[in-house]
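Working notes for the structure below.
Throughout, read-outs are computed from the coordinates displayed, never taken from laboratory work. Treat the numbers as computed from the prediction; the structure is a model and nothing was measured. Cβ sites come from the backbone with ideal geometry, for glycine too, and all protein chains shown count toward neighbours.
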Amino acid sequence: MARADQKGTREDGSFNPPGLEVFDNQFPDREYTHEIITDEYSSMCPKTGMPDYGTIIVRYAPWYLCVELKSYKLYLHAFRDAGIFYEVLVNRILDDFFEACSPRWVEVEVRMTPRGGIRSVLRARRNRPVLRARRNKEGVEVLDALPKGEVKPL
């Protein structure tokens, strides 16, 4: 069995999950939450080669694009034979999801089945920066990220 590095990639470079497919959000002006839950996640422990099982929950607020669920299922299935640490897993899914659909925000929760009496739950979140439009000295409209103190909750 090939050992894995910290990124969940096999020594021969064979771990490369398929891309997440997207479709247009029919309600981009509305903020709503989509929660995707899968109870059948599996991968391999990169240290022992033993199987790991868990539940993965992705919560996100779509903006202009939504992730197509069959592509997400195939994406997760690709992890099945990959040796990957839990911390790498939660951040890899988070980054891949964020890059695929550019949501307002996305949160990934990984609940791994207990091994040796130890249960692990990991959460990671990314937010799209809040932007404001302004005109620069030349009269060109530019977008600036609002400082955290100026961001008001919905």
Ascending count of other beta-carbon atoms within 10 Å, so fewest first, for M50, M44
M50, M44
Of all DSSP beta bridges located in the stretch 36-102, what percent are antiparallel, nearest 5?
90 percent
Rounded if a/c under 1.5, otherwise prolate or oblate - the stretch 22-68, Cα gyration tensor axes
prolate
As an exercise, use a Förster radius of 25 Å and the Cβ-Cβ distance of R135 and S102 to find the FRET efficiency, rounded to the nearest 0.05.
0.50
Hey, can you grab everything whose amide H is under 5 Å from the amide H of I84? Only 5+ residues off in sequence or another chain; H modelled, so Pro and N-termini drop out.
M44
Three-way shape call for the stretch 56-97 based on the alpha-carbon gyration tensor, with the a/c threshold at 1.5
oblate
Rg over Rh of the stretch 22-150, using C-alpha atoms and the Kirkwood radius, what does it come to?
1.09
